[in-house]
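The next block holds one structure in the form of structure tokens; read it before the comments.
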Amino acid sequence: MSAGTTAETKTENHQNGKPPGRRRLSRRHREWLAASLFVFPDTLGLLVFVGIPMVLALAMGLFNVSGFGGITFVGLANYERMLSDSLFLESLKVTVIYVVSFVVGNFVISLALALLVKQKIPFVGVLRSMFFLPYVVSLVVIGLVWKFMLLDQVGIVNRILEALGLGSHSWLGNPRFALATVVAVSIWFLMGYYMVIFLAGLQEIPQEYYDAAKVDGARSWQTFRHITWPLLKPTSFFVLIVSTISGVAGFQTFDLIYVMTTGGPANSTSLGIFYIYQQAFQFNDYGYAAAMASFLVLILLIATAAMFILTRGGRFETD
Amino acid sequence: MRPTNLSLQPTRMALFMLALVLALLTIFPLLWMVSGAFKGPGEVNSLNLIPTHPTLGNFAYVFTRVPFLRYMLNTFFVAGTVTVVALFFHTMAAYALARLRFPGRDILFFAIFSTLLVALPVILVPLFILVKTLGMLNSYWGLIVPAIFNAFGIFLLRQYYQGIPRELEDAAFVDGCGYWGVYRHVILPLSRPMIAALFVFFFLANWNSFLWPLTITQNQNLWMIQVAIASFQTQYAAAWNYIMAAATVTALPTMALFFIFQRQLIESIKTSGFK
């Protein structure tokens, strides 16, 4: 990583300023010792509470682990069961639909918001904070509030739709709408966060480009097409990748699904991550749950590798 | 876009109106929540945003019928402890990763960075079994310890420390400070803004966390607030005035923190380093 190497050269210069020989060597060893003590707590913690569970997730899939501590080796049986479990396959389909619509919708809406609040308009700071506000509220609360607003017949959303002559619907009770509703709430929750990231990207584009475009008489969509869009690529890339990973891994979805739909109706919102949770903690089938989780780990590893290759080591440079 | 051209003004006003309407729509669900919390059972499904007969009865009900205060104190204790310990560990690790030279540093950083991509839901089952084996099931230990370790903070702090001028450290070394002294007297004071932002971030994240507390605590005395309101909802399924009161109480501290620290929070997201 480029950042790492620059730091290293700096350190070398720094070391060269010191007297050479024995002292330099001992200083280096002291630096090693200090560094290992400094990184020790976090390294150990991440190893025990993230690294080992990650490896265990892969290994546990080969066993049947009951809630009472019985462990039997079953080979690939869990994986075979997984591939013929129509509910699991269905949950993968739901995950894909969720991730694709969330990522695309979130990208468009948060970019549009960022472009809007980048304009020189009155109270822009307050407006930005308002868009960001949902993000600081917990997803459990978010889920409850939307459930209240979306109640059949009596909820405010349906009452307004009725008044507009659009008819009321069972947004969380109808399998045709439930997943779309969860996607919409996810976007509403996260759009302010991604708006801030886009805004940071937009503010890094030098103003001179826009001034020059204005002198040339470019229209606003031309300016967007030829200046903003290409120069925003690193940020766009970052947003796409991070939101994809968070969608697959269920950072935001689990709490919402748990509170709003518990996977229903008719499993239409049963995302992979939620189905796995149910297998583990409602049916105590830990081994099977781990097998399915390891499948998701695999998907995430591929996504990670793709991320590092596409971004040339996390630098998000294009061309 | 300097206001030289007066014909731009109407455009700007139109953009402002658009942004204002969208922003009000965005926060409307939260206003509706607060509104519902002050409405009586007869009024909770009415369409008026300002209650005609505002009542504090829902809050009284929530705090007397359910040990809500206990859940809030649990959450304060857990979120506070996690935040303080995590900041201590992360600043140390980030300092070493940004400034000290040791074999394997870049590999270690890469390994830490890659744990960012491991989401809790994915490793939930093995983590639960591991923590159970360590005897931390149904305990504050089980709520606190696994929540401390998170690469996000290390990553941001390392980025920040790389931007601190090295001369300041050198001066401290010349004054006879060791590495601990430099960390304690140079690095920590200089990173106060970043630490403040992360403090808010970590506290918010832990106050809002649901899945892990749900998994690790069956004992109701240990419940954290999100678990409590989720189960409150199943208990009082149709009493939305009570549920909205509980939701408001739960959301209020996080919104207050945001209003106080919004600048730091938004700056830290902006610099969350994708370059």
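The values are calculated or read from the model by the stated rules, or taken from the named source; none is laboratory data. Just so it is clear, the structure is predicted and the values come from calculations on it, not from any experiment. Cβ placement follows ideal geometry from the backbone for every residue including glycine, while neighbour counts extend to all protein chains displayed.
Is at least one residue of the range B:67-78 outside the structural domain of B:A245 (by TED's automatic domain parsing) and of a type in the set (V, I, T)?
Scanning the range B:67-78, I find no residue that is outside the structural domain of B:A245 (by TED's automatic domain parsing) and of a type in the set (V, I, T), so the answer is no.
With under 24 Å from the mean Cα position of the chain (by Cα), surrounded by 20 or more Cβ atoms within 10 Å (Cβ to Cβ) and modelled with pLDDT under 90 as the only criterion, which of A:V239, A:V182, A:V259 stands out?
A:V239
Scan the helices (runs of 4 or more DSSP H) fully inside the range B:144-196 and keep the ones with 1 or more residues being surrounded by 16 or more Cβ atoms within 10 Å (Cβ to Cβ) and small (G, A, S).
Fully inside the range B:144-196 and qualifying: B:151-162, B:166-174.
Restricting to the range B:28-59, name every residue that is over 29 Å from A:A163 (Cβ atoms) and buried (at least 20 other Cβ atoms within 10 Å of the Cβ).
Residues satisfying the conditions do not exist here.
Could you list all residues from the range B:192-235 that are within 19 Å of B:R65 (Cα to Cα) and within 11 Å of another protein chain (Cβ to nearest Cβ)?
Answer for the range B:192-235, where residues must be within 19 Å of B:R65 (Cα to Cα) and within 11 Å of another protein chain (Cβ to nearest Cβ): B:M224, B:I225, B:Q226, B:V227, B:A228, B:I229, B:A230, B:S231, B:F232, B:Q233, B:T234.
Which residues, taken from the range A:61-104, are more than 22 Å from the chain's Cα centre (by Cα), aromatic (F, W, Y) and within 14 Å of another protein chain (Cβ to nearest Cβ)?
A:F63, A:F68
Answer yes or no as to whether B:M92 is at the interface with chain A (Cβ under 9 Å from one of its Cβ atoms) and touching a residue at least 24 places away in the same chain (Cβ under 8 Å).
The answer is yes for B:M92.
Can we say A:P175 is assigned to a loop (DSSP other than H, G, I, E, B) and free of Cβ contacts under 8 Å to residues at least 12 places away in the same chain?
So A:P175 does not fit the description; no.
In this structure, does A:G61 turn out to be on the phi < 0 side of the Ramachandran plot and modelled with pLDDT under 85?
Here the answer is yes, as A:G61 does meet what is asked.
Within the range A:140-157, can you find the residues that are part of a helix (DSSP H, G or I) and more than 7 Å from chain B (Cβ to nearest Cβ)?
Scanning the range A:140-157 gives A:I142, A:G143, A:K147, A:V157.
Restricting to the range B:223-251, count the residues that are surrounded by 18 or more Cβ atoms within 10 Å (Cβ to Cβ) and either of a type in the set (K, R) or more than 20 Å from the chain's Cα centre (by Cα) (or both).
Residues in the range B:223-251 being surrounded by 18 or more Cβ atoms within 10 Å (Cβ to Cβ) and either of a type in the set (K, R) or more than 20 Å from the chain's Cα centre (by Cα) (or both): 8 in total.
Can you find a residue that is within 12 Å of chain B (Cβ to nearest Cβ), at pLDDT 55 or above and assigned to a helix (DSSP H, G or I) anywhere in the range A:5-19?
Looking for residues that are within 12 Å of chain B (Cβ to nearest Cβ), at pLDDT 55 or above and assigned to a helix (DSSP H, G or I), one finds none in the range A:5-19, hence no.
If you take the residues in the range B:131-143 that are part of a helix (DSSP H, G or I) and under 23 Å from B:F76 (Cα atoms), which one is farthest from the other protein chains (Cβ to nearest Cβ)?
B:Y140
Condition (residue is closer than 30 Å to A:A218 by Cβ, within 25 Å of the chain's Cα centre (by Cα) and not charged (D, E, K, R)) applied to the range B:23-38: is it met by at least one residue?
The answer is yes; a qualifying residue exists.
Return the residues of the range A:93-113 that are crowded, with 17+ Cβ neighbours inside 10 Å and closer than 14 Å to A:V248 by Cα; say none if nothing qualifies.
A:V94, A:T95, A:Y98, A:V99, A:S101, A:F102, A:V103
In the set A:F189, A:F251, A:F198, which member is within 14 Å of the chain's Cα centre (by Cα), more than 25 Å from A:A293 (Cα to Cα) and of a type outside the set (S, T, Y)?
Just a single option satisfies the conditions, and that option is A:F189.
Any idea which residue in the range B:64-75 is nearest to B:K39 (Cα to Cα), counting only those that are without any contact (Cβ under 8 Å) to a residue 40 or more places away in the chain and among the hydrophobic types (A, V, I, L, M, F, W, C)?
Among them, the one singled out is B:L69.
Which residues, taken from the range B:95-130, are of a type in the set (G, A, S), free of Cβ contacts under 8 Å to residues at least 40 places away in the same chain and not in a loop (DSSP other than H, G, I, E, B)?
Answer for the range B:95-130, where residues must be of a type in the set (G, A, S), free of Cβ contacts under 8 Å to residues at least 40 places away in the same chain and not in a loop (DSSP other than H, G, I, E, B): B:A96, B:A111, B:S114.
Note down all Cβ pairs under 9 Å where the first residue falls in the range B:135-153 and is free of Cβ contacts under 8 Å to residues at least 40 places away in the same chain, the second is acidic (D, E) and crowded, with 24+ Cβ neighbours inside 10 Å, and they're at least six residues apart or on different chains.
B:A151/A:D42
Does any residue of the range B:154-171 turn out to be facing chain A (nearest Cβ under 8 Å) and over 22 Å from B:L198 (Cα atoms)?
Checking the range B:154-171: at least one residue is facing chain A (nearest Cβ under 8 Å) and over 22 Å from B:L198 (Cα atoms).
Pick from B:V66, B:V82, B:V62: which is surrounded by 23 or more Cβ atoms within 10 Å (Cβ to Cβ), farther than 25 Å from A:F38 by Cβ and aliphatic (A, V, I, L, M)?
Among B:V66, B:V82, B:V62, only B:V62 is surrounded by 23 or more Cβ atoms within 10 Å (Cβ to Cβ), farther than 25 Å from A:F38 by Cβ and aliphatic (A, V, I, L, M).
Here are some conditions: (1) in a helix (DSSP H, G or I); (2) at pLDDT below 90; (3) touching a helix residue (DSSP H, G or I) at 6+ places or on another chain (Cβ under 6 Å); (4) not aromatic (F, W, Y). A:I121 meets all but one. Which one does it not meet?
Going through the list (1) in a helix (DSSP H, G or I); (2) at pLDDT below 90; (3) touching a helix residue (DSSP H, G or I) at 6+ places or on another chain (Cβ under 6 Å); (4) not aromatic (F, W, Y), A:I121 breaks only (1).
Report, by residue number, each residue of the range A:121-139 that is surrounded by fewer than 21 Cβ atoms within 10 Å (Cβ to Cβ), more than 7 Å from chain B (Cβ to nearest Cβ) and within 16 Å of B:V21 (Cβ to Cβ).
A:F123, A:V124, A:V126
Could you tell me whether the range A:225-235 includes any residue that is at pLDDT 85 or above and within 11 Å of chain B (Cβ to nearest Cβ)?
Yes, that holds for at least one residue.
Against the condition among the charged types (D, E, K, R) and within 12 Å of another protein chain (Cβ to nearest Cβ), how does A:E204 come out, does it pass?
Yes: the conditions hold for A:E204.
Quick test for you: out of B:T254, B:T215, pick the one residue that is farther than 28 Å from A:I276 by Cα and surrounded by 16 or more Cβ atoms within 10 Å (Cβ to Cβ).
B:T254
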